[in-house]
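J.: Here it is, the structure in full.
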Amino acid sequence: MRQVKLLLIFILFFNISFARAQQGIDSLNALLSNPLDQSQKAYLFDELSYQWFYENLDSSLFYGVIAYSEFSKLNDPQGLSQAATSVAVAHHYLNNWDSAVLYYKEALSIREANKSTRIASSLNNLGVVFMDQEDYEEAMKYYIKAMEVRELSNDTIGVALTKINLGLIFKKQSIFNKALSYYKESIETLEKFNQQKHLEVALLNMGAIYNTLKEYDTAKLYNIKLRNLASQRSSQRNLAKSFVNLANSYQGLGFLDSSLYYANKGLKFFEAQNDTLNMANSLLSITQSHFEGKNYKTVIAYSKRLEQLNKIVGNMEIAIENQLMLAKAFAALNDYENAYSKLENSFYLKDSFLTTSLNETISDLTVKYETEQKEKEISQLKITTQDSIIAEQEAANQRNLLLFLAGFLILGAILLFLLLRTKSKSNAIIGKSLSEKETLLKEIHHRVKNNLQVISSLLSLQSRFIEDKDAKALVNEGQNRVKSMALIHQKLYQKDNLTGVEAADYIQNLTSTLCSTYGIDMQKVDVTYDVDHLNLDVDTMIPIGLILNELISNSFKYAFPSGEGTLSITLKEKEKNLILSVKDNGIGSTQEINMADSFGMRMIQSLARKLEAEVDFDLSDGTKASLTITHYKLYNY
């Protein structure tokens, strides 16, 4: 009875997820009936392609092709490269390999020509498509290129994504310890930055590896975590993949009914999608469960069905597993002639699949990449060593000079001794007093930060019991304002400089916190900073921090209804003034600058007066808020 209840719950989750996704598609289709310019239509078609990807690959391809055609008529390389990627992804999952590679390479070419920040993403996509074709040598080349680009740009999340794919290649080569190492590193980063979409992929592969290692209890934990996350995010494809992974875990644990339930559930989704590769994986799981249940004739029937499907897919790993399964089923039925034939086929396929030269090539590529990283470290060490030798030579010259002057200095030292002894006592007293004051000041900042955090926690607790959405939003905004001030005091007591705040570090931390608060996907919203190295007084930094909190929050709330865009934050000193600006390329709605009704905007005006600044808004291209601050105080680093 308990198992039946659990199954009903997961059926309900699956149907709710599907309904949510369908609502998004219906909303986008409704927008098409509105009067739109060519660019808006193109981006709308591309978004429909993205939404349909999780529901129906043919529909995803259809809208992707329309978006690509529309962008081809416009001077919009970013849109064209994205549409080419959408078409490529649909072809990829429909196993139209040549078309997928063609469009992925076109997207890469456009991005390289325009020095896009998405070059590494295109390299990574090409690695995936070659890996799915089992061309691991070519896949590894693209992954390593993607890793190098992302490391140069300090793209921590991008490096984590490439590690997922490198782990997958090692997984397919049965080098499981290396694969698990890459996955654990990537999961740590993705959880830290709340990258749930990419976290699903890492969890999927971790569950699959532990299944292969026959550590089924551990595998089940990862697969259930994936199932719950994919259901929560309405990620239909990964939800279906979690079903197949769970089927394999339950099969290993001996729960064959649960295994068949989940495998058939996954198969049903992939059949509707015409996703032949994952259909094959689902059928293989069903076949293995029937073998464990000693239903050998059913095994042969499913294996033959899988054999026909794999002629389309062309996956060697599945072919090997299927031939072995058929051999064991025929042997169990005492049909040794067919058993021997299938066993011979499996060994032939295995020998042609994993050759020594391929393993060596992949190992060489990995070694080259790791060696290059070590060479960089050695080069830096050599420079440091050379600097040390030069410093030692200079020190030797100085010693000779000092010996020559020592005689003269001894006399001076004797005379100074009496004076210094007198002053040392007073200096010690002054130093002790300064140290005590510094400790006291740090403690004050620490306590202020703690008190502000208590207030923030109280606001958070209170918001949980507020049902009115508008009231709850106002409480959350208040909590963000408190956090922006707490962050300033945290920076002060953590640094040696107790009077000034590093503006660049503070602004990046504040923006990161607001991204997390409003659920902004940093892969879609590109945030850029142009901030001078300024050490600002606390009385200057607090109003600037509160103003930035309001302007950035407004952009995240109103500027990007599609979830994509760019946000630029500038703080520079020019002609004895501070120039502060926050600009987005969003919809440019007056909702962002509703001066009459918004408490936040009235607060900006009040704080601007304290800084003796004027606030200007420009809606000509998105929304830009600018302040020229005349009253501020700087400290030297």
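J.: On the given criteria, is K163 over 30 Å from L284 (Cα atoms), open to solvent by 10 Å² or more (accessible area, probe 1.4 Å) and either aliphatic (A, V, I, L, M) or under 21 Å from the mean Cα position of the chain (by Cα) (or both)?
T.: Values: over 30 Å from L284 (Cα atoms): no; open to solvent by 10 Å² or more (accessible area, probe 1.4 Å): yes; either aliphatic (A, V, I, L, M) or under 21 Å from the mean Cα position of the chain (by Cα) (or both): yes.
It is false that K163 is over 30 Å from L284 (Cα atoms), open to solvent by 10 Å² or more (accessible area, probe 1.4 Å) and either aliphatic (A, V, I, L, M) or under 21 Å from the mean Cα position of the chain (by Cα) (or both).
J.: Evaluate the following for K184: is it charged (D, E, K, R) and either buried (at least 22 other Cβ atoms within 10 Å of the Cβ) or at pLDDT below 90 (or both)? Walk me through it before giving the result.
T.: On the way: charged (D, E, K, R): yes; either buried (at least 22 other Cβ atoms within 10 Å of the Cβ) or at pLDDT below 90 (or both): no.
Judged against the criteria, K184 is not a match.
J.: Continuing with this model, one more query. Quick check on T156: is it surrounded by fewer than 23 Cβ atoms within 10 Å (Cβ to Cβ) and touching a Ser or Thr at 6+ places or on another chain (Cβ under 8 Å)?
T.: Working: surrounded by fewer than 23 Cβ atoms within 10 Å (Cβ to Cβ): yes; touching a Ser or Thr at 6+ places or on another chain (Cβ under 8 Å): yes.
It is true that T156 is surrounded by fewer than 23 Cβ atoms within 10 Å (Cβ to Cβ) and touching a Ser or Thr at 6+ places or on another chain (Cβ under 8 Å).
J.: Same structure again: Given (1) more than 39 Å from the chain's Cα centre (by Cα); (2) open to solvent by 40 Å² or more (accessible area, probe 1.4 Å), where does Y261 come up short, assuming only one miss?
T.: (1)
J.: Could you please find all residues in segment 305-315 being open to solvent by 20 Å² or more (accessible area, probe 1.4 Å) and either assigned to a loop (DSSP other than H, G, I, E, B) or modelled with pLDDT under 85 (or both)?
T.: G314
J.: Right, here's the next one. Say whether the condition of being surrounded by 17 or more Cβ atoms within 10 Å (Cβ to Cβ) and over 30 Å from K172 (Cβ atoms) is met by at least one residue in segment 28-37. Working first, answer last.
T.: Initial filter on segment 28-37 (surrounded by 17 or more Cβ atoms within 10 Å (Cβ to Cβ)): 28.
Among the residues that remain, those that are also over 30 Å from K172 (Cβ atoms) are: 28.
Yes, that holds for at least one residue.
J.: Of the conditions (1) among the charged types (D, E, K, R); (2) buried (at least 18 other Cβ atoms within 10 Å of the Cβ); (3) closer than 22 Å to I25 by Cα, R118 clears all except one; give me its number.
T.: (3)
J.: Looking only at segment 281-304, filter to residues that are among the hydrophobic types (A, V, I, L, M, F, W, C) and more than 21 Å from S258 (Cβ to Cβ); which one of those is most open to solvent (accessible area, probe 1.4 Å)?
T.: By that ranking, first place goes to A301.
J.: Looking only at strands (runs of 3 or more DSSP E) that fall completely inside segment 518-637, which ones have 2 or more residues that are open to solvent by 40 Å² or more (accessible area, probe 1.4 Å) and modelled with pLDDT of 90 or more? Quick ask: steps written out before the conclusion?
T.: Working: elements: 525-531, 535-537, 565-574, 577-584, 613-618, 623-629.
Filter on segment 518-637 gives 525-531, 565-574, 577-584, 623-629.
J.: Looking only at segment 287-304, which residues are over 18 Å from N338 (Cα atoms) and outside any loop (DSSP other than H, G, I, E, B)?
T.: Residues satisfying the conditions are Q288, S289, H290, E292.
J.: Next question, about the same structure. Report, by residue number, each residue of segment 89-112 that is open to solvent by less than 20 Å² (accessible area, probe 1.4 Å) and among the small types (G, A, S).
T.: Within segment 89-112, A90, A100, A107 qualify.
J.: Cβ contacts < 7 Å: first residue closer than 15 Å to F330 by Cβ, restricted to segment 301-316; second residue among the acidic types (D, E) and open to solvent by less than 100 Å² (accessible area, probe 1.4 Å), any location; separation 6+ or different chain. Result?
T.: Close Cβ pairs satisfying both conditions: none exist.
J.: Could I ask something else about it? Of a type in the set (S, T, Y) and within 17 Å of L204 (Cβ to Cβ) - does that describe any residue in segment 130-153? Spell out how you get there, then give the answer.
T.: Of the residues in segment 130-153, the ones of a type in the set (S, T, Y) are 136, 142-143, 153.
Imposing the further condition that a residue be within 17 Å of L204 (Cβ to Cβ) reduces the set to none.
Checked against the condition, which is being of a type in the set (S, T, Y) and within 17 Å of L204 (Cβ to Cβ), segment 130-153 yields no hits at all.
J.: Tell me which residues, restricted to segment 38-58, are part of a helix (DSSP H, G or I) and either of a type in the set (F, W, Y) or free of Cβ contacts under 8 Å to residues at least 24 places away in the same chain (or both). Quick ask: steps written out before the conclusion?
T.: So the first thing to find is which residues in segment 38-58 are part of a helix (DSSP H, G or I), and the list is 38-53, 57-58.
Hits for segment 38-58 are Q40, Y43, L44, F45, L48, Y50, W52, F53.
J.: Moving on to the next point. Please determine whether any residue of segment 189-202 is open to solvent by 40 Å² or more (accessible area, probe 1.4 Å), closer than 27 Å to L123 by Cβ, among the hydroxyl-bearing types (S, T, Y) and modelled with pLDDT under 95.
T.: So the first thing to find is which residues in segment 189-202 are open to solvent by 40 Å² or more (accessible area, probe 1.4 Å), and the list is 191-194, 196-197, 201.
In the following step, the residues that additionally are closer than 27 Å to L123 by Cβ were identified as 191-194, 196-197, 201.
Filter once more, so that each one left must be among the hydroxyl-bearing types (S, T, Y): none.
No; the residues of segment 189-202 include none that is open to solvent by 40 Å² or more (accessible area, probe 1.4 Å), closer than 27 Å to L123 by Cβ, among the hydroxyl-bearing types (S, T, Y) and modelled with pLDDT under 95.
J.: Anything in segment 43-85 that is among the small types (G, A, S), open to solvent by less than 50 Å² (accessible area, probe 1.4 Å) and more than 17 Å from G24 (Cα to Cα)? List them, or say none. Don't jump to the end; show me each part of the working.
T.: If we filter segment 43-85 for residues that are among the small types (G, A, S), which is where we start, we get 49, 59-60, 64, 67, 69, 72, 79, 81, 83-84.
Checking which are open to solvent by less than 50 Å² (accessible area, probe 1.4 Å) leaves us with 49, 59-60, 64, 67, 79, 81, 83-84.
A67, G79, S81, A83, A84, listed by residue number.
The values are calculated or read from the model by the stated rules, or taken from the named source; none is laboratory data. Please read all numbers here as calculations on a predicted model, not as lab measurements. Methodologically, a virtual Cβ is constructed for each residue, glycine included, from the backbone with ideal geometry; neighbour enumeration extends over all protein chains shown. All accessible areas refer to the heavy atoms of the entire protein, side chains included, with ligands and DNA or RNA removed. Shrake-Rupley method; radii C 1.70, N 1.55, O 1.52, S 1.80 Å.
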